[in-house]
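The block underneath contains the structure these notes are about, expressed in structure tokens.
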Amino acid sequence: MPAMKNRELDLSEFPAGTVTEFTTLVCLACIFDIFTKQLGLAPRTAFSEIKRHTPEIEELTTRSAKRPYFDSDEKHPHCPYCKSAKRWLARFDTYCIEGGKTTDAPRRALLKKMPQSGDQFLVIEKKSDSRAVFFEWLDTLRLNLDLHDERWLLEATRNYLERRDAKTNWEEVFSEIRAVRRSTRLAEGWERDGTRLFLAPKIYGEALLIQYLVSRSQAHGGLTLEGRLTLMDLIRRLRYSGYLDQLGITEHEPGEVFEKLIDHLASTTDWSRVSAASNTASGVSTASDSDRISGVSTGSGSDRVKGSKQTTKKTAARKEPSKTKSKKTQPEPDEIIAESVKLHYIIDRRDFLDKVKSVYASYAA
Ligand SMILES: [Zn+2]
């Protein structure tokens, strides 16, 4: 096995938010114990059996692992079951790549670069749908945000914008943004005016929804740029702003409205191609009622959200907001359904293979 100096996979070519990383530890002492003591296998046989082993995707990506797997953030973790120290513990790194137009090319390039011999990597494809992918994304986002620091509202907004418009360098845009407001001037896209980011009402409404979804488990209702809102408050605002009409949501029962909103948020539509963004504001936006909300200040350059760093160059802002094109991005009522999405899992088995070898050596000695 060729020793690789740099064990990290280079994920910089993937748009932000399209790759989720999972790390799971497995205790080899526990595994060897099961094979040698409980099943009565000779160490040599146990070794060749264990070497072939790869946990199920569910075991690798769950937030609550079961024996002999476990999760730990500690620098010197111990097996929670048998207390074994680090040298008995092996690590599986799992990368889940959301299939789609923006990730196909970088994924193929990555697969080509990976060492092919000795099952060091395993690639597994799984069918999923936009809803499941969206909730997984939301979960990861929540884990990476510090909800006690009000800057999370801007971070959550940035993450959502990155998800919907991968072509814009949002990290750069947000480096100077201290407040996010609803624009009364824009019908589509966004614009920056000094330290303020103005979003078209539709996008602003979606940012509020994301904020609501991220924080709703914390307390009653959810926290948004417009303060704490219950689901009813939020739906009322979205209806009033014309957002529900735009999506063709005619239902009145809050639960039904909510389900449709989720499907819309989860849809894989990438509006970067139709975004009418001009990133330097020329006109002065008139004060909207959302202007009374004081902006949240951001620490400069702070980026606590773990994920693939976006390296896409900022493309020239497009001037024409093509009306016909932008209509396409608004699904008709009947089109709001969960779309099927392919997930590509890459399992890095290198640490596991190394550790199994060294643990076996100490068993056989
Ligand atoms: Zn153990």
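How would the range 48-96 be classified by its alpha-carbon gyration tensor: rounded, prolate or oblate, with rounded meaning a/c under 1.5 and the a/b versus b/c comparison settling the rest? Because a/c hits 1.5 or more and a/b fails to exceed b/c, the range 48-96 counts as oblate. Karplus-derived 3J(HN,Hα) values for the range 220-225, using 6.51 cos²θ - 1.76 cosθ + 1.60 with θ = phi - 60°, are 5, x, x, 9, 9, 4 Hz; glycine and proline are entered as x.
Judged by the mean number of other Cβ atoms found within 10 Å, the most tightly packed of the peptides 34-42, 242-250 leads the ranking 242-250, 34-42.
Between their Cα atoms, which of 66/126; 66/86; 75/101; 112/355; 51/101 are more than 27 Å away from each other? Pairs exceeding 27 Å: 75/101; 51/101. Residue 127 to residue 147: FRET efficiency via 1/(1 + (r/R0)^6), r the Cβ-Cβ distance, R0 30 Å, to the nearest 0.05? Efficiency computed from Cβ-Cβ geometry: 0.40. The string of couplings for the range 171-184 from the Karplus curve (6.51, -1.76, 1.60, θ = phi - 60°) is 4, 5, 4, 7, 4, 10, 7, 10, 8, 10, 10, 7, 7, 9 Hz, one whole number per residue in order, with x for Gly and Pro. Peptides 140-149, 91-100 ranked from most to least packed by the mean count of surrounding Cβ atoms within 10 Å: 91-100, 140-149. In this simple spin-label approximation, residue 51 and residue 112 carry label points 7 Å from Cα along the Cα→Cβ vector, and these lie 3.1 nm apart. Using the alpha carbons alone, the radius of gyration of the range 185-225 stands to its Kirkwood radius in an Rg to Rh ratio of 1.10. Would you please give the residues with an amide H less than 5 Å from that of residue 189, counting only those at least 5 places away or on a separate chain, with H modeled from the backbone geometry? Distant-sequence amide H within range of residue 189: 200, 276. Dividing the convex hull volume of the alpha carbon atoms of the range 40-129 by its residue count gives 159 Å³ per residue.
Label-to-label distance, residue 139 versus residue 66, with points set 7 angstrom from Cα along the beta-carbon direction: 1.6 nm.
Only the coordinates and a few stated rules stand behind these numbers; no lab work does. Everything numeric here is computed off the predicted structure, so don't read it as measured data. Glycine gets a Cβ as well: all are built from the backbone with ideal geometry, and neighbour counts include every protein chain shown.
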